[in-house]
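The values are calculated or read from the model by the stated rules, or taken from the named source; none is laboratory data. Since this is a predicted model, take the numbers as computed values, not measurements. FYI the Cβ positions are ideal-geometry reconstructions off the backbone, even for glycines, and counts take in every protein chain you see. Please note that ligands, DNA and RNA were not included when accessible areas were found on the heavy atoms of the full protein model with its side chains. Shrake-Rupley method; radii C 1.70, N 1.55, O 1.52, S 1.80 Å.
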Amino acid sequence: MPLPPKHLLHVFPTFAVGGSQMRFAQLVRLHGARYRHTVIALDGNYDMAGRLTGLPVTCHQFPFDKRKLLDSWRRFRTTLRLLRPEVLLTYNWGAIEWALINRLESVARHIHIEDGFGPEEAVKQLRRRIWTRRLALSGRSTTVVLPSRNLEQIALGVWSLSPRSVRFIPNGIDCARFGAPARRSPGGPIVIGTVASLRREKNLARLIQAFAALAAARETGAFELLIVGDGAERGSLEQGARELGLGARVRFAGQSDRPEDWLSQMDIFALSSDTEQMPLSVLEAMAAGLPVVATAVGDVAQMVSPENRDYVVPAEDFPAALARLANDNAAWRMIGLANQNKARENFDENVMATRYAALIG
């Protein structure tokens, strides 16, 4: 008689559409009936649930008042005891209280997945958070998963976690999904594009300003900027594009469930973030055969092919790197092919799923 699926409780700061949530959906799909999943979104946003139809996922509504700290902690503890997961998975700083309570209560084996930091920690780790992470994540039943070598170094060095409790598991993607032939129009404008949540730390204003300088140096219609995604910064970004006189040369496509359809329209992928670790969007662009121009954040320089690394640069050099690649068609075609080969060899989603299954059990 087969064993019942193991019950996993996932606590997210938000279950809005984002990188952590997209990877969760990948793993649920790839692991099939091996596990059943309960999701708690601490901000009450369960937008990602709409993409999980037919999968073994239950969303547990959990209203609470964060201003009432002691009451919130009691509710966290009560909910943990009520749901009795076999494994608790917490995500990023926003769910650290659940990690801390589980360490004190020893309800379940614990896996904490850290994907990166908000803008308040983009430059330097906050001391209070360092000590909290050390306390919450150093229990014997806790394993900390990092998708980037940069984060792994922080966990071992800054947080002082034991190497025995730290696992490096890089993100993976469905390379075949993103490897469809490009549908770019011969003789049309060179399309520089990005796929991102329009949040402050993504610094899309940097990309728009760099594009404006590039466009000003060439005849009208030579370049187009395509921004795929949505978020709180969209209004100010659209206004900034208008003030720079870019008009129809910047296209805001909004949120999309099929980024591959938009990537196939691009010639160059751009990442202008202030902080990242191992962005899925870069892996998807690589699998789509695109060259990448990026700020030197997280593991991006190690992710891309050796041929692409000259275009992963400090933020102040981003406009020049974008112009250099955009004006060298032969280079971006060669780099795109090298990136695609590296994505297929190193970042396939099935390898990622196998590693997570071995860890979860």
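What to note about this one:
- Candidate set: the range 25-43, residues that are of a type in the set (A, V, I, L, M, F, W, C) and closer than 18 Å to Ala358 by Cβ; chosen: the one least open to solvent (accessible area, probe 1.4 Å): Val28
- Subset of the range 216-244 that is more than 19 Å from Asn203 (Cα to Cα) and more than 28 Å from the chain's Cα centre (by Cα) - its residue that is modelled with the lowest pLDDT: Thr220
- Of all residues in the range 17-24, at least one satisfies being surrounded by fewer than 19 Cβ atoms within 10 Å (Cβ to Cβ) and within 19 Å of the chain's Cα centre (by Cα).
- Scope the range 109-138; condition open to solvent by 10 Å² or more (accessible area, probe 1.4 Å), part of a loop (DSSP other than H, G, I, E, B) and under 25 Å from Phe24 (Cα atoms); matching residues: Asp115, Gly116, Phe117, Gly118, Ala122, Ser138
Residues are listed down the side, and each one gets a yes or a no for (1) within 18 Å of Phe168 (Cβ to Cβ); (2) among the aromatic types (Phe, Trp, Tyr); (3) in contact with a Ser or Thr (Cβ under 6 Å, 6 or more places away or on another chain); (4) outside any helix (DSSP H, G or I):
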{"residue": "Met278", "(1), (2), (3), (4)": "yes, no, yes, yes"}
{"residue": "Leu283", "(1), (2), (3), (4)": "yes, no, no, no"}
{"residue": "Gly298", "(1), (2), (3), (4)": "yes, no, yes, yes"}
{"residue": "Phe318", "(1), (2), (3), (4)": "no, yes, yes, no"}
{"residue": "Ala321", "(1), (2), (3), (4)": "no, no, no, no"}
{"residue": "Gln340", "(1), (2), (3), (4)": "no, no, no, no"}
{"residue": "Arg344", "(1), (2), (3), (4)": "no, no, no, no"}
{"residue": "Val351", "(1), (2), (3), (4)": "yes, no, no, no"}
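- Answer from Ala331, Ala321 - the residue that is touching a residue at least 40 places away in the same chain (Cβ under 8 Å), over 20 Å from Arg199 (Cα atoms) and small (Gly, Ala, Ser): Ala331
- Hey, Glu233 open to solvent by less than 50 Å² (accessible area, probe 1.4 Å), touching a helix residue (DSSP H, G or I) at 6+ places or on another chain (Cβ under 7 Å), over 30 Å from Glu105 (Cα atoms) and without any contact (Cβ under 8 Å) to a residue 40 or more places away in the chain or not: no
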